[in-house]
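To start, the structure itself, in structure tokens.
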Amino acid sequence: MESTSLGQQELAGVPAGAGGAFAWYKELGSKERRTFWACFGGWSLDAMDANLYSFVIPTLIAAWGMSRGDAGMLATGALLSSSIGGWMAGIICDRIGRVRTLQLTVVWFAVFTALSAFTNSYSELLVVRILQGLGFGGEWAAGALLIGEIIRPQHRGKGNGVVHSGWAVGWAAAALLYTFLFSVLPPQHAWRVLFAAGLLPAAFVFFIRRFIEEPSSFVAVQRKYQQGAARASSLRIFQGPYLRITLFASLLAVGAQGGFYAIMVWLPTYLKTTRSLSVLNTGGYLMVVISASFLGYVISAYLTDVIGRRKCFYLFSICSALTVLAYTFLDIGNTAMLFLGFPLGFFASGIYSPIGAFFNELYPTEIRGSGVGFCFNFGRAVGAVFPALVGALSGTISLGQAIGFFAVGAYGLIIIAASLLPETMGQALRSESLEPA
């Protein structure tokens, strides 16, 4: 079994159970805390850049004469490339380290987000967004591995899940930037300035470079390789007992991401066009969803260390399906929709909190990057098709019904996949024994 960081890190000196809801954080050592904030910041900045596009869809449709299908393809193109980038980053993490890979991916997605501001056509933006997606996908893989391997088993679910709440923080930053810039600038300039602001996360790399160290588990494996042990193949995740794990973990990721993307990529457009809300009102409605999203990540993070990974998936998937059906199929007024936005964001985002810890616990150190990177990003690749399918289907049925149809199907897939995977709550991360070549 792989050793945890308990004996190697400075402990905060707070007894277990003290400090209420934040007791777990007070128990963390300095290395764990620095890593937590590095991953939280990376996720937040990644989310800010990734969500900018969803806010400018109506503007680009009007400016370039795009169809909803075209707009959906821009979202899908970036998500598909991010799935490739995420798998590649997972493999690279197993080679050069989690920290160095995180640095590279943050710079990559920031630069290409900013370059989106200088595009002048659908085809140009498609190319830039595909390139941006490579870094966007890679950052999740590197960050999930880093926080999963540093933090101790009894807090791994909370650590990974609360780090995921950084997505809501970045999403909120994108919504605030959108609301401000589109209120003070004409739309033809505002969308360019919005994308240009995406360069800001690149500065975060200096913090990562100075304060964050590689997990001791990764260092130990690299030391064994240097002593002559045969390097584990990245393809081992498709062999022996790992094949079944890889299959069902990938299907679980398809459900989580397909459902989320079907809803959130099209939500601003749905509110502005179908519900005829203004820019300010759209931003207000979205802030309700985003605030709920943050709480969903955090509450689910705590639950995943209490009731287990699988039960958490069941609970949040069922509630997400029921909420999205009500949100998109029921004939309700705008006020009711405002309140219903809270459970919509809460449950759809809470599904993500168990994933990082769960996927880390399914694979040994030698192939953990490859396994986590592939499963999550296979889900992203298939889930990436959902926005395009929603856009295409909205040509024959209403946009709300198209969103609901694909989202509910995705959440059903999570329940099936989770039931076919083992419960891993509280288990130490594993490391296979490496023999000299």
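Consider only pairs whose beta carbons are under 7 Å apart and that are at least six residues apart or on different chains; among these, list those whose first residue lies in region 110-126 and is over 22 Å from Val205 (Cβ atoms) and whose second residue is aromatic (Phe, Trp, Tyr).
Ser121/Trp64; Tyr122/Trp64
Select from region 291-310 the residues that are in contact with a Gly (Cβ under 6 Å, 6 or more places away or on another chain) and either within 18 Å of Leu340 (Cβ to Cβ) or at pLDDT below 65 (or both) and list them in ascending order.
Scanning region 291-310 gives Ala292, Ser293, Gly296.
I'm trying to understand the selection: among the residues of region 179-197, which are more than 18 Å from Thr119 (Cα to Cα), assigned to a helix (DSSP H, G or I) and either without any contact (Cβ under 8 Å) to a residue 60 or more places away in the chain or within 22 Å of the chain's Cα centre (by Cα) (or both)?
Scanning region 179-197 gives Phe180, Leu181, Val184.
From the list Gly404, Gly373, Gly356, which one is more than 30 Å from Gly240 (Cα to Cα) and either over 16 Å from the mean Cα position of the chain (by Cα) or of a type outside the set (S, T, N, Q) (or both)?
When all the criteria are applied, what remains is Gly404.
In region 234-269, what residues are touching a residue at least 12 places away in the same chain (Cβ under 8 Å), farther than 17 Å from Asn360 by Cα and of a type outside the set (A, V, I, L, M, F, W, C)?
The answer is Gly255, Gln257, Gly258, Gly259, Tyr261, Pro268, Thr269.
Is there a residue in region 194-211 that is loosely packed, with under 12 Cβ neighbours inside 10 Å and at pLDDT below 85?
Yes - at least one qualifying residue is present in region 194-211.
So which of Gly240, Gly148, Gly170, Gly157 is within 19 Å of the chain's Cα centre (by Cα), within 24 Å of Ile91 (Cβ to Cβ) and small (Gly, Ala, Ser)?
Gly148
Among the residues of region 53-80, count how many are touching a Ser or Thr at 6+ places or on another chain (Cβ under 8 Å), crowded, with 18+ Cβ neighbours inside 10 Å and either without any contact (Cβ under 8 Å) to a residue 60 or more places away in the chain or among the charged types (D, E, K, R) (or both).
Residues flagged as touching a Ser or Thr at 6+ places or on another chain (Cβ under 8 Å), crowded, with 18+ Cβ neighbours inside 10 Å and either without any contact (Cβ under 8 Å) to a residue 60 or more places away in the chain or among the charged types (D, E, K, R) (or both) within region 53-80 amount to 1.
The values are calculated or read from the model by the stated rules, or taken from the named source; none is laboratory data. Not measured: the values here are computed from a predicted model. Every residue, glycine among them, receives a Cβ derived from its backbone with ideal geometry; neighbour counts consider all protein chains shown.
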